[in-house]
Amino acid sequence: MKNSRAYVILSELVCIVFMLFCLYPLGLMLVKSFSSGGFGNAKGGFDNYIKVFETVDLWPNFVTSFTVVGGTLLVVGVVTSMAAFAFSKLNFPAKNVLYYLLLTGMMVPVAALIFPLFQVVKGLGLNNTAFSLIFPYATLNALFNLIVLKNFFDGLPNELMEAAHIDGANTWRIFTRILFPLSLPGLSIVLIQTFLLSWNELQMAMIFINKPAMQPISVVPLRFMQNIGQSFPLGIMYACLVVCLLPIAIFYLFAQRLMVRGLTAGAVKG
Amino acid sequence: MQRRTIAGYMFISPLFLLFAIFIIYPIIFNIYVSFFEWNGIRPEMNFTGIENYINIFKDPVMVKIIRNFVVFAFFTIIIQAFLGISFASFFIRSIKGSDFYRTVFYIPVIATPAIIGNIFSRILETNRGQLNEALRAIGLDFLAMQWLADPKYALGCIIAINIWQWTGYSMLMYYANMLNIPSDIYEAATVDGARPYQQFFRITIPLLRSTHFTLFIMGALGSLKCFDLPYILTKGGPNYATEFFPTYINKKSFELFDQGGASALTVIMLVIAMIITLAQVMLYTRNNKDKELAER
Amino acid sequence: MRISRKAIFAAILCIVLVFSVACGGGSTQQAPAANDSAGGSTQNNAATSESAVSGETINIVYQSWNPRADQMELVAQDFANKYPGIEVEYIQVPYTDHIQKLKIDLSSGQGPDVFALQTGAPLKEFRDFEVDLAPLAAQTWGADWEKIFVPFTTELIRDGSSYYALPLGVGYAGMIWADLSYFTKYNFELPKNLTELKSVTQALRGHGELYPLAIGAKDDWINLDMWMNIMNDINSAKLYSAIDGNTPFTDPEVVESFAIWQSLFTERVFQDGALGVNMYVDTTDLFERERIVPMITNGAWVINSYPNTDPEIFAAFNDGQNPKTVFTMDWNNDGKPAPVQANVEIAVCMNKDSNYPDQAWEFISYLMFGGQDILVNEYLMYFPSRVDMDYTGELSEEGKENLEILMDWGANNVGGYRENPYPELKQSIADNLKALALDEVTPEQAAAAVEAVSQSSQR
């Protein structure tokens, strides 16, 4: 399909404007992370970043974050795929009721969740471990993303199921061999989203794990923020924010490529 | 059929297990607490029946919260869906730089509340903020407002930032689902002489129904649950102009030490969420039936 | 290809199942679960239980929102030297999160052994988890131990004959800090009363200054500080009697205070858009780093910018280019500057569920003496809460002058307390101050609205 000239010009124009809108605030942050502050006797530049690593030993926090996020991704990936597949492609009594019951689950605000969740986590003996965060994060993200992934499964043709059934494959095989691979583009959106939310989560991270050294990286900028008035210029806090964001950006670029590959593969099949 | 029924339950059981442990209990807890006067700390609670609920219905702030929710949901859903579908269709027709734009448009999603709070409060600051400086520089002084300080504009700013952050997500959802539309439909339509815009309105948009629905429901529930942006940018102010359910729950729970009231508000919010979901589902399935009938 | 994918999938599923089983097992409360959980179930935190097993040093945990971790390091080391066998682990959490964390930790039988609170509502709400320290204090320091502390601090904390906290540091609020370079530059006098303030800020605006008097009015606390200062200037006794419910807020003098507050916004004494910015650090950075603010509303703690470890702030207060002074306003033009409000900076409490109450008390009693000496003299974090204490640290001449002004107010010109112990009333006043600032209500309407809440709130 060829695009008319007017269409090309208009769309490019809109995209460029929106790109600037997208990038400006983040660019500003990057610039500020190298800035020396207002009056110019702080050094600025890469010194801000060096100071971040000098002030806080970030590695244990990174380790916790990777454990938590890795565990969460694993649980979310498996649990959500299975449930979305069932809700989209299988029939069973009370299916819709159960589905919408699950959807309302994503509505409870964290402020209302946190105290009872802590009781649960503590009751299970999980507090002060990475598991105390993995399961709550996984649950919230799985519920949030169920609707996304189900929507994606809905888009996959039912004929695939029928054909496989006639070939004698059981439901499990149909899921693992045919539909799960086809759902990878949708799943990668879900996983990117899950990565972001669980990497950045703050409130539970701070409360479910006591020792500052064991808390996920998302808590670290707070240590800078609460003291900036006194001992750190803003530039250092921005540098810290950038450091914390880097893993997300890398994961995003990686997952984005995976997604695009999956998408084009899916398009060929369709 | 019997076997497939069991299979269905097997597939959803892991999620249900998590749901039962980590969501059901907190909901029950909130319902229980909502009937008590409790500061959230003491071991003992006073049973007060539905007094917490009565107080909420008498609270003048509630009107503002509901209004903010409706306005916020309306604008963010419509604008994000419009921009999302426009960009997705640009990219599906692979305009120049599609891959690049697609990557870039999603980037704001990674911004944490801390970043948004720090950056946008500077951009929108009245006297030296970049937005007002830019407006003044191009001679539009009269447009330089007290953005976050004026109740007339504060909610608008929060909506704009939400659009900044989440348009990429809508775009990606539409894009992924557009790729699922078999290309032979378009080919057939082209043979029949349908123009591109006709194809877009007659084929693409109707076939994305379930994506519209998904984004709509996520947008509505997301607006109800809106917390980070107002909390960090305006603290719900000025004078409750950007107060939402979760920010108010937070205030009740941690500043006013009114855990009972906070829980009652949570329960009300959940009920509203259920009503929204139900209404949307009924609308969606009814339309679906109409469509099925028409197709027959 | 197919096989490997299946294998991976199976492996993933196994892990998830193990997770789920671990979960389910835990919920039946019989599985020994992970070793880490032992600490949680025996009602203390991981740190303490570990050391209990080793039996050598005892670890106690102190949680607060200030000072900074590295400042506390010095205190903790000094403590470790003086009390071998006890080690303090310090957890610093921003104030709101601190309250949230305490709330959750304490009510599930955990939490730090020693924790900090603000006097007023928080100290009252956490009462069930605070140990009465009066007997311990009497045992350690003798029967007239109360005389150790600045009188108003004990008055603020005392509940009957009990003390559920001890005061660490004192603070004063309600003043205005000025950057004198602007007054030299434009040849202005410092404003002494409201009329002068209004004309000086207009004149500053005339010179293109954007922040004649800066405030971060998004923060309720600064609004409350300033309004209470206005009210203290008009009639101190009436302010506190209104807060306690004995004078209606509709009293003409209270209405007058609301009107003065409102005029500061409507007559553009404060900078434009003040309601959209917070104090720390949106607004304070403009004064303490960028030096573009002639006057700013803030508390006495700004004094710790003189010995600040941040080079930029240190320079702004010590390089002589932007000399600073602190003063209070005569808000009602009666010729007398307003008195200040005083508060206990940190009320130190002992967790009643602490496994090591003796050690926790050792730490608290140390914090009042040795710890406070360090925090005051090294960092000027607070003003001393002990009567026998004076600041002995280094300070520039200007810093000393300002410190003397503040100390003098502390001794002779305190109007009353800074906090308002009734959360609902406090919130209502704060809300109405914002509505007034937006010109959405009249002072009379605001007064009536606050009065309605005042009547219905429990005291």
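The values are calculated or read from the model by the stated rules, or taken from the named source; none is laboratory data. Small disclaimer: the values here were computed from a predicted structure and weren't measured. Cβ sites come from the backbone with ideal geometry, for glycine too, and all protein chains shown count toward neighbours. Ligands, DNA and RNA are excluded from the accessible area calculation, which covers all protein heavy atoms including side chains. Shrake-Rupley method; radii C 1.70, N 1.55, O 1.52, S 1.80 Å.
When A:Asn3 is tested against (1) of a type in the set (S, T, N, Q); (2) in a helix (DSSP H, G or I); (3) open to solvent by 30 Å² or more (accessible area, probe 1.4 Å), only condition (2) is not met. No other residue among A:Leu23, A:Leu30 is in a helix (DSSP H, G or I), in contact with a helix residue (DSSP H, G or I) (Cβ under 9 Å, 6 or more places away or on another chain), modelled with pLDDT of 90 or more and open to solvent by 30 Å² or more (accessible area, probe 1.4 Å) apart from A:Leu23. For first residues located in region C:123-135 and under 14 Å from C:Ile104 (Cα atoms), partners that are modelled with pLDDT under 90 and assigned to a helix (DSSP H, G or I) and lie 6+ apart or on another chain with Cβ distances below 6 Å form the pairs C:Phe129/C:Leu106. When restricted to residues that are open to solvent by 10 Å² or more (accessible area, probe 1.4 Å) and of a type in the set (Val, Ile, Thr), region C:374-391 contains 2.
From the set of residues in region B:225-245 that are aromatic (Phe, Trp, Tyr) and assigned to a helix (DSSP H, G or I), which is least open to solvent (accessible area, probe 1.4 Å)?
If we take residues in region B:225-245 being aromatic (Phe, Trp, Tyr) and assigned to a helix (DSSP H, G or I), then B:Phe245 is least open to solvent (accessible area, probe 1.4 Å).
In this structure, A:Leu103 does satisfy being in a helix (DSSP H, G or I), away from chain C (no Cβ under 14 Å) and either small (Gly, Ala, Ser) or out of contact with any Pro (no Cβ under 6 Å at 6 or more places or on another chain) (or both).
Among the numbered conditions (1) buried (at least 24 other Cβ atoms within 10 Å of the Cβ); (2) more than 24 Å from B:Ala7 (Cα to Cα); (3) more than 7 Å from every other protein chain (Cβ to nearest Cβ), the only one that A:Val110 does not meet is (1).
Inside region A:154-173, residues that are assigned to a helix (DSSP H, G or I), within 10 Å of another protein chain (Cβ to nearest Cβ) and crowded, with 18+ Cβ neighbours inside 10 Å make up a count of 3. Could you go through region B:202-224 and let me know if any residue there is away from chain C (no Cβ under 14 Å), under 25 Å from B:Ser121 (Cα atoms) and open to solvent by 40 Å² or more (accessible area, probe 1.4 Å). No, the conditions are met nowhere in region B:202-224. Of the residues contained in region C:271-293, none is found to be small (Gly, Ala, Ser), in contact with a strand residue (DSSP E or B) (Cβ under 6 Å, 6 or more places away or on another chain) and buried (at least 20 other Cβ atoms within 10 Å of the Cβ). Residues in region B:105-128 that are within 13 Å of chain C (Cβ to nearest Cβ), in a helix (DSSP H, G or I) and hydroxyl-bearing (Ser, Thr, Tyr): 1 in all.
Restricted to region B:65-80, and to residues there that are more than 14 Å from chain A (Cβ to nearest Cβ) and surrounded by 20 or more Cβ atoms within 10 Å (Cβ to Cβ), the residue that is farthest from B:Tyr169 (Cα to Cα) is B:Asn68. With the structure loaded, tell me whether C:Thr96 is closer than 20 Å to C:Asn351 by Cα and either modelled with pLDDT under 85 or part of a helix (DSSP H, G or I) (or both) or whether it fails that test. When the stated conditions are applied, C:Thr96 passes them. Evaluate region C:150-171: report whether one residue or more is in contact with a helix residue (DSSP H, G or I) (Cβ under 7 Å, 6 or more places away or on another chain), on the phi < 0 side of the Ramachandran plot and within 14 Å of another protein chain (Cβ to nearest Cβ). The answer is yes, given that some residue of region C:150-171 is in contact with a helix residue (DSSP H, G or I) (Cβ under 7 Å, 6 or more places away or on another chain), on the phi < 0 side of the Ramachandran plot and within 14 Å of another protein chain (Cβ to nearest Cβ). Could you check, for region C:237-259, whether at least one of its residues is open to solvent by 20 Å² or more (accessible area, probe 1.4 Å), part of a helix (DSSP H, G or I) and polar (S, T, N, Q)? Yes, because at least one residue in region C:237-259 is open to solvent by 20 Å² or more (accessible area, probe 1.4 Å), part of a helix (DSSP H, G or I) and polar (S, T, N, Q). Per the listing C:Val93, C:Val114, C:Val150, the residue uniquely touching a strand residue (DSSP E or B) at 6+ places or on another chain (Cβ under 9 Å) and farther than 26 Å from A:Val220 by Cα is C:Val150.
So which of B:Ala144, B:Ala137, B:Ala176 ends up being away from chain C (no Cβ under 14 Å) and surrounded by fewer than 23 Cβ atoms within 10 Å (Cβ to Cβ)?
Residue meeting the stated conditions: B:Ala137.
The single condition among (1) without any contact (Cβ under 8 Å) to a residue 12 or more places away in the chain; (2) assigned to a helix (DSSP H, G or I); (3) more than 14 Å from every other protein chain (Cβ to nearest Cβ) that C:Ala143 does not satisfy is (2).
Taking the listed residues B:Ser89, B:Ser94, the one that is in a loop (DSSP other than H, G, I, E, B) and more than 30 Å from A:Phe208 (Cβ to Cβ) is B:Ser94, with no other qualifying. Scanning region B:36-45 for residues that are more than 10 Å from chain A (Cβ to nearest Cβ), assigned to a loop (DSSP other than H, G, I, E, B) and either crowded, with 22+ Cβ neighbours inside 10 Å or at pLDDT 90 or above (or both) turns up at least one hit.
When C:Gln92, C:Gln71 are checked against the criterion of being within 14 Å of chain A (Cβ to nearest Cβ), within 26 Å of C:Ile374 (Cα to Cα) and open to solvent by 30 Å² or more (accessible area, probe 1.4 Å), a single residue qualifies: C:Gln92.
Can you report the number of residues in region B:177-205 which are without any contact (Cβ under 8 Å) to a residue 40 or more places away in the chain and in a helix (DSSP H, G or I)? Final tally of qualifying residues: 17.
Look at (1) touching a helix residue (DSSP H, G or I) at 6+ places or on another chain (Cβ under 8 Å); (2) not in a helix (DSSP H, G or I) and you find that C:Trp361 fails only one, number (2).
Within region A:196-209, restricting attention to residues that are at the interface with another protein chain (Cβ under 8 Å from one of its Cβ atoms) and either buried (at least 22 other Cβ atoms within 10 Å of the Cβ) or without any contact (Cβ under 8 Å) to a residue 60 or more places away in the chain (or both), the residue that is nearest to A:Leu73 (Cα to Cα) is A:Leu196. Between A:Lys89, A:Lys122, the distinction of being closer than 21 Å to A:Val148 by Cβ and more than 7 Å from chain B (Cβ to nearest Cβ) belongs to A:Lys89 only. Only residues that are out of contact with any strand residue (DSSP E or B) (no Cβ under 8 Å at 6 or more places or on another chain), in a helix (DSSP H, G or I) and not charged (D, E, K, R) were counted across region C:192-236, and they come to 15.
Residues checked against (1) without any contact (Cβ under 8 Å) to a residue 12 or more places away in the chain; (2) closer than 30 Å to A:Ile250 by Cβ; (3) touching an Asp or Glu at 6+ places or on another chain (Cβ under 7 Å):
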residue	(1), (2), (3)
A:Val108	yes, no, no
A:Lys150	no, yes, no
A:Leu160	no, no, no
A:Asn170	yes, no, no
A:Leu182	no, yes, no
A:Thr194	no, yes, no
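So which residues in region B:259-290 are touching a Lys or Arg at 6+ places or on another chain (Cβ under 9 Å), within 13 Å of chain A (Cβ to nearest Cβ) and surrounded by fewer than 23 Cβ atoms within 10 Å (Cβ to Cβ), if there are any at all? Residues satisfying the conditions are B:Ala273, B:Tyr284, B:Asn288.
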